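Please read the structure below before turning to the comments.
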Amino acid sequence: MAHPAPQTAGLYDCREAWARTLEELAAQDPRIVAVVNDSVGSSKLGGFQKAFPERLINVGIAEQTMVGVGAGLANGGKVPFVSAASPFLTGRALEQVKADVAYSNVNVKLVGQSSGVAYGELGPTHHSLEDLAWLRVLANLTVIVPADPWETAEAIRWAAGHEGPVFIRVSRMPVPELDMPGRAFRVGRAETVRAGDDLALIACGTTVHLAAAAADRLAAEGVRARVLNMATVSPIDREAVLEAAATGAIVTVEEANLQGGLGGAVAEITAQARPVPVEMVGFPGFLPTGSVDWLFAEYGLSAEGIAAAARRALARKAAP
């Protein structure tokens, strides 16, 4: 797969991978259509619109209608990719996502763009931190949080061939590609980024490379930290979580709320089957306005912040 043009050296915008892959798939499958909420530019769908003008439906700033249109197209035999900024796709249209897509089990692919705190300077209304908690509990809905451009492209390809509703959370924050030769994308299965048996770091999306960097810091202290890329938040890889719990301590890392997302899913499994100390790195329920860099640093989403959480987890593990 050709790499997208980096914004800065070694860093890539996953939206480029999503849009390019959708164009490639649409050229092969005439059933594929795009539905947007006046977000052709921010969804990077200008190329799609030029190539397939009759297959891009712009409903304007009407996200509830947008999801309903997607459900109608799916019922008519199309494969709709419904794309919008994640806070509005999931928050404003949650009832339609729940009833018209998930509960109805229709073949709609929801793509939440610019998720997490990507719109940090625009303030709390544009933060998308609750989406994982809301969507992972919906029946029939597969929830995927890709870590890099390669995984984004693979998730889009998988979604196009999967019969059923999917939500893919795409960030606009530039991230590096994970240095892992021979990767294989498997929905519902965690990917081991680093091996280790002293504790496990379980991350998704934009935080996976930060968890790997934290593991490297811990290795310099003699701590072998396992790092898991949990791209599929629902259905989550229960077996991988229980194997992680066998290390005796877990740290979860996500660009999302501390309540209800990846950390909550991991804690539910361990609490029921193998209780161990679980430290969660993420964001509180309400955030101030600020840049992505500032918000990540302020709330511990950094290599050192994750390593600090790991030290706390190890201390709890060692406590009598």
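Annotations for the structure displayed:
- The H on the amide N of Leu228, modeled in the peptide plane, is under 5 Å from the matching H of Val193, Leu201, Ile202, Ala203, each at least 5 residues off or on a different chain.
- Taken per residue, the accessible surface of the stretch 12-75 reaches 41 Å², heavy atoms only and a 1.4 Å probe.
- Theoretical gain in end-to-end length, Ile57 to Ala195 [0.36 nm per residue, Cα-Cα removed]: 45.2 nm
- Solvent-free Debye scattering, log10 I(q)/I(0), computed from the Cα coordinates of the chain at q = 0.06 Å⁻¹: -0.19
- Semi-axes of the equivalent ellipsoid for the stretch 24-161, Cα gyration tensor, largest first, Å: 21, 18, 15
- Degrees, to the nearest 10: 14-28 long Cα axis against longest axis of the chain: 40
- Dipole magnitude for the stretch 84-161: about 200 debye, using +1 per Lys or Arg Cβ and -1 per Asp or Glu Cβ, origin at the Cα centre.
- Taking 18 Å as the cut-off, the amide N atoms of the stretch 214-238 that come nearer than this to a point 7 Å along the Cα-to-beta-carbon line of Arg311 belong to 214-226.
- The angle between the Cα long axis of helix 149-161 and the main principal axis of the chain comes to about 50°, on a 0 to 90 degree scale.
- Most fluctuating residue given options Gly91, Gly305, Gly161, as computed from a GNM of the chain linking Cα atoms under 10 Å: Gly161
- Computed over the stretch 154-274: relative contact order in percent, which uses C-alpha pairs under 8 Å that are six or more apart: 27
- In the chain, the longest principal axis of the Cα atoms and the axis of helix 303-318 are about 50 degrees apart.
- Arg31 versus Thr125: modelled label distance in nm, points set 7 Å from Cα along the beta carbon direction: 3.9
- Value of Rg/Rh across the stretch 29-92 [Cα atoms, Kirkwood radius]: 0.94
- Across the stretch 108-125, rounded Karplus estimates of 3J(HN,Hα) from the backbone phi angles (6.51 cos²θ - 1.76 cosθ + 1.60, θ = phi - 60°) give 10, 10, 8, 10, x, 8, 6, 6, x, 10, 4, 9, x, 5, 8, x, x, 5 Hz, Gly and Pro being marked x.
- For Leu11 and Val187, a Förster radius of 22 Å and the Cβ-Cβ distance give a FRET efficiency of 0.30, rounded to the nearest 0.05.
- Cβ-derived FRET efficiency at R0 30 Å, Glu221 paired with Leu242, nearest 0.05: 0.70
- Sequence-distant contacts, meaning Cα pairs under 8 Å at least 6 residues apart, place the relative contact order of the chain at 17 percent.
- Think of the stretch 166-213 as having a plus end and a minus end, set by charges on the Cβ of Lys, Arg, Asp and Glu; of Leu201, Ser171, Ala212, Ser171 sits farthest toward the positive end of this dipole.
- Gaussian network model of the chain, Cα within-10 Å springs - most flexible of Ala245, Ala27, Ala153: Ala27
- Counting 0.36 nm for each residue step from Trp294 to Glu163 and taking away their Cα separation leaves a gain of 43.2 nm.
- Proximal aspartates and glutamates to Lys317, defined as alpha-carbon separation beneath 18 angstrom and excluding residues fewer than eight positions away on the same chain: Asp197, Asp198, Glu221, Glu243, Glu279
- Kirkwood analysis of the Cα pair distances in the stretch 200-285 returns a hydrodynamic radius of 12.7 Å.
- Alpha carbon centroid spacing (whole Å) that separates the stretch 60-74 from the stretch 234-258: 34
- Here the Gaussian network model covers the chain, with springs between Cα atoms less than 10 Å apart; of Pro124, Pro30, Pro174, Pro30 fluctuates the most.
- About the centre of its Cα atoms, the chain shows a dipole size close to 400 debye [charges on the beta carbon of Lys, Arg (+1) and Asp, Glu (-1) only; nearest 20 debye].
- Stokes-Einstein D for the stretch 125-219, Kirkwood Rh over Cα pairs, 10 °C, 1.306 mPa s (µm²/s): 107
- Candidate lysines - alpha carbon under 24 Å from Lys109, same-chain residues fewer than 8 apart omitted: Lys44, Lys50, Lys78, Lys98
The values are calculated or read from the model by the stated rules, or taken from the named source; none is laboratory data. From a predicted model like this one, the values you see are computed outputs, not experimental measurements. Cβ sites come from the backbone with ideal geometry, for glycine too, and all protein chains shown count toward neighbours. Accessible surface areas use protein heavy atoms only, side chains included; no ligands, DNA or RNA. Shrake-Rupley method; radii C 1.70, N 1.55, O 1.52, S 1.80 Å.
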